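Data block below; observations after.
The values are calculated or read from the model by the stated rules, or taken from the named source; none is laboratory data. These numbers come from a predicted model, not from an experiment. Positions of Cβ are backbone-derived with ideal geometry, glycine not excepted, and every protein chain shown enters the neighbour counts.
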Amino acid sequence: MLEAPRKASSNEVPVLDLSDWLDGGNPAQLIEQLKHACTKTGFFYVSGHGVPQQVIDDVFEATRRYFSLPDDERMVDLMDERFRRGFMPYGINQHAGFKPDLKESYEFGIDLPLDDPDVAAGRPLHGPNQWSEQAPWLQPAAEAYLEHTMRLGKDLLRLFALSLEQDEEFFLQWCQKPMVQSRLFHYPKQDAPDEKELGVAPHTDYGMVTILTQDPIGGLELCKRDGEWISAPFVPGTFVINLGDMFKIWTNDLFVSTPHRVVNRTGKERYSIPTFFNLDYDTPVACLDNCQSADNPPRHAPIKSGDYLVKRFREVQKYKG
């Protein structure tokens, strides 16, 4: 049985209050807090984020209702690989050395029509959402949640740019058609977690920023730089934010993503809803000039945002549509 880790301290996973900055205040102190979090654990909470609690409550209620539907009704909504929209059953995601993740999900993102040039050209991760006919109440709750977390994601990108001594709009120049997706996650009861069968096996996120809201059950655990696992418990009124792998390329390993996992130790069903905020498909991800020097040359080759994401998805998913 996997031993439960201790709770993270407020220094390890701090709470950053965005309210004063979003109201026009000076971001200097917030920037220093962000730098500390990104160089130490790559995880932090945000409060004062402006997302209405009713929006969060509504999408959690819709999530619980959806995953209480019979299996055969949800399988009608099965996701295809090209658009990555719809229902993903148990057993699809599997990380090397572990059993398949013990979770199921429903995925949606920026809704693009079939005649959109990128969709018509077959560009991966671009396309229309697939809404369940069995759950007409799901779409309005999910779309409201996505709209608000997209706005929060853009605010965070502004703050990240300032923390890296860039113009505030630096990352937003690659948000003309960003690859943003939300996932409704359901984790079943697991009374005695197996070291090889977890809600989500240890991994790092692939892209830029993950914005997560979790239910009071918790279950998110992260690995510190020294190898110790700690838990990031539920904190009312906050989102959990973590870095994706692309930040290590932009910053030459100054801001680095952190391995994390989900372990449901409660004997209860668990729900969480992340929004993965990624930049435009053709974004040239490369080391920033001020993060390199003659003595510290770039450690990672430049990549195209979308190609990298598609490659990483295919490494862990057995289902090919």
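Residues E73, E12: which one is assigned to a loop (DSSP other than H, G, I, E, B), under 30 Å from F313 (Cβ atoms), in contact (Cβ under 8 Å) with a residue 60 or more places away in the chain and of a type outside the set (A, V, I, L, M, F, W, C)?
One residue alone meets the criteria, E12.
Collect the residues in the stretch 34-61 that are surrounded by fewer than 17 Cβ atoms within 10 Å (Cβ to Cβ) and free of Cβ contacts under 8 Å to residues at least 40 places away in the same chain, keeping them in residue-number order.
H36, G48, Q54, D57
Please give the number of the condition D167 fails out of (1) under 30 Å from A28 (Cα atoms); (2) part of a helix (DSSP H, G or I).
Exception for D167: condition (2).
Could you tell me which residue of the stretch 87-107 is nearest to Q214 (Cα to Cα), considering only residues that are touching an Asp or Glu at 6+ places or on another chain (Cβ under 8 Å) and at pLDDT 95 or above?
Y106
Mind checking which residues of the stretch 242-270 are closer than 13 Å to K103 by Cα and surrounded by 20 or more Cβ atoms within 10 Å (Cβ to Cβ)?
R261, V262, V263, N264, R270
Condition first: touching a residue at least 24 places away in the same chain (Cβ under 8 Å), surrounded by 15 or more Cβ atoms within 10 Å (Cβ to Cβ) and of a type outside the set (A, V, I, L, M). Now tell me which residues in the stretch 15-33 satisfy that.
D17, W21, P27
Give the residues of the stretch 99-142 that are out of contact with any helix residue (DSSP H, G or I) (no Cβ under 9 Å at 6 or more places or on another chain) and either under 30 Å from A201 (Cβ atoms) or of a type in the set (S, T, Y) (or both), sorted by residue number.
Result: K99, P100, L102, K103, S105, E107, Q130.
If I ask for residues that are farther than 28 Å from T213 by Cα and not in a loop (DSSP other than H, G, I, E, B), which ones from the stretch 274-311 would you list?
Initially, the stretch 274-311 is screened for residues farther than 28 Å from T213 by Cα, giving 282, 284, 286-304.
Within the stretch 274-311, P284, D289, N290, C291, I303, K304 qualify.
Restricted to the stretch 170-194, and to residues that are basic (K, R) and in a loop (DSSP other than H, G, I, E, B), which residue is farthest from T266 (Cα to Cα)?
K177
Going through F108, F87 one at a time, which residue ends up being free of Cβ contacts under 8 Å to residues at least 60 places away in the same chain, on the phi < 0 side of the Ramachandran plot and either among the acidic types (D, E) or crowded, with 21+ Cβ neighbours inside 10 Å (or both)?
The unique qualifying residue is F87.
Looking only at residues in the stretch 159-168 that are without any contact (Cβ under 8 Å) to a residue 12 or more places away in the chain and more than 21 Å from the chain's Cα centre (by Cα), which one is surrounded by the fewest Cβ atoms within 10 Å (Cβ to Cβ)?
Here the residue is D167.
Could you look through the stretch 148-202, keep only residues that are in contact with a strand residue (DSSP E or B) (Cβ under 7 Å, 6 or more places away or on another chain) and polar (S, T, N, Q), and pick out the one that is modelled with the lowest pLDDT?
The qualifying residue modelled with the lowest pLDDT is Q181.
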